[in-house]
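Enquirer: So that we are looking at the same thing, I have put the structure below in structure tokens.
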Amino acid sequence: MIKIGDRVPPATVRQVTEDGAQEVATEAFFKGKKVALFAVPGAFTSVCTAKHLPSFVNNADMLKAKGVDVIACTAVNDPAVMRAWSQHNQAGAVTMLSDGNGDLARALGLEADMTKHGMGRRSRRYSMLVEDGVVKQFNLEEPGAFGLSSGDHLLKQI
């Protein structure tokens with residue numbers, strides 16, 4: 001499992017834009033940037049929609065004032081779902097990264113088996129601050145919990 005001081009491992013995700021989705025390697029995405037990254041088990045799910053995403057949207061200006069270049073959300077969902085979720089929640093301040101096959105979640109050691117809930121294999125809920133590809137803060141939630149991975153908590157850590 002990833003930890004503070006580790007480099008984000010190589011993986012490919014799809015960065016969602018208004019024009020579609022563009023494949024991007026983690027090495028390129030994080031290079032030379034300070035990124036507030038958070039992961040949700042699923043777009044449009046209850047806690048993810050009601051609490052997790054809004055905690056970053058609501059703190060976007062303050063995170064950027066503290067030097068964050070990009071706020072990014074990842075989920076094991078396809079790009080179309082991530083785009084619709086962003087639009088539905090007016091989350092334009094957050095870059096959506098579709099990890100449709102779970103490659104990033106697996107590479108980070110954060111894949112979760114949610115088959116008993118009918119959701120297949122997903123990502124655990126977390127947030128991290130990544131500077132030039134290196135993890136500086138890492139907040140992993142226990143299954144079913146929310147708080148440590150919130151935008152409010154990460155903002156206090158910066």
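Enquirer: Restricting the count to DSSP beta bridges whose residues both fall in the range 12-157, what percent are antiparallel, rounded to a multiple of 5?
Expert: Here the antiparallel bridges make up roughly 70 percent for the range 12-157.
Enquirer: Based only on Cα atoms, what mean projected area does the convex hull of the range 14-57 have, in nm²?
Expert: Working: hull surface 15.9 nm².
So the mean shadow area of the Cα hull is 4.0 nm².
Enquirer: If you keep only loop residues by DSSP, which GluC sites (Glu not before Pro) in the range 9-88 have at most 10 other Cβ atoms within 10 Å of their Cβ?
Expert: Glu18
Enquirer: I've got another one for you. Can you tell me, using C-alpha contacts under 8 Å and at least 6 residues apart, the relative contact order of the chain as a whole percent? It would help to have the intermediate numbers written out before the result.
Expert: On the way: 339 pairs, mean separation 49.5, N = 158.
Over the chain, the number comes to 31 percent.
Enquirer: Using a basic spin-label model with each label point 7 Å from the Cα along Cα→Cβ, how many nm lie between His117 and Lys31?
Expert: Output for this residue pair reads 3.6 nm.
Enquirer: Name the trypsin sites (Lys or Arg not before Pro) in the range 23-86 that are in a loop by DSSP and that have at most 16 other C-beta atoms within 10 Å, would you?
Expert: Details: sites: Lys31, Lys33, Lys34, Lys51, Lys64, Lys66, Arg83; in loops: Lys31, Lys33, Lys66.
The qualifying sites are Lys31, Lys33, Lys66.
Enquirer: Now, a different point. Pairs of lysine in the range 12-157 with Cα under 19 Å and at least 8 positions apart or on different chains: total?
Expert: Taking the range 12-157 as the scope, the lysine pair count is 16.
Enquirer: How big is the chain in terms of Cα radius of gyration and Dmax, in angstroms?
Expert: 13.9, 41
None of the figures in this text is laboratory data; all of them are computed from the coordinates on show. Here the structure is a predicted model, which is why all the values come from computation and not from measurement. All Cβ positions, even for glycine, are placed from backbone atoms using ideal geometry, and neighbour counts span all protein chains on display.
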